[in-house]
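K.L.:
Pasting in a structure now, in structure tokens, and then I'll have a few things to ask.
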Amino acid sequence: MSKYVSLDKRSKKAQKEYHSKQRRTWGEINPVTRSVPSGKAYNRKKEKERISKEFRDGFGADSFLLAV
């Protein structure tokens, strides 16, 4: 029977081997695709889409012409 050696006293190689045995796989689930983006976070893509939409609309030029 081998003597137990605590994890913090083992070599880096032995620690790595121990931790690799403890890991499990996610299987078919991909945890990255399941994350929901925060609504408060700044989104460059959303901002660029808003600006391009304003350029397409002409910055409200249609409403300016109707008012005159």
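K.L.:
By how many nm would the segment from ASN30 to ARG56 grow when fully extended, if each residue of separation counts as 0.36 nm and the alpha-carbon distance is taken off?
P.N.:
Computed gain between ASN30 and ARG56 is 5.6 nm.
K.L.:
Stretched out fully, how many nm does the piece from MET1 to GLU17 gain, at 0.36 nm a residue minus the Cα gap?
P.N.:
The span from MET1 to GLU17 would gain 3.8 nm if fully extended.
K.L.:
Sticking with this structure for a sec: Measuring from label point to label point, each 7 Å out along Cα→Cβ, what is the ARG44 to LYS9 span in nm?
P.N.:
My value for the distance between the label points is 5.1 nm.
K.L.:
Here is a further query. For GLU17, GLU54, give me the order by solvent-accessible area with a 1.4 Å probe, most accessible first, ignoring ligands, DNA and RNA.
P.N.:
Listed by decreasing accessible area, they come as GLU17, GLU54.
The values are calculated or read from the model by the stated rules, or taken from the named source; none is laboratory data. Since the structure is predicted, the reported quantities are computational estimates derived from the model, not experimental observations. A quick note on method: Cβ atoms are made from the backbone with ideal geometry, for glycine too, and the neighbour counts reach across all protein chains shown. Accessible surface areas use protein heavy atoms only, side chains included; no ligands, DNA or RNA. Shrake-Rupley method; radii C 1.70, N 1.55, O 1.52, S 1.80 Å.
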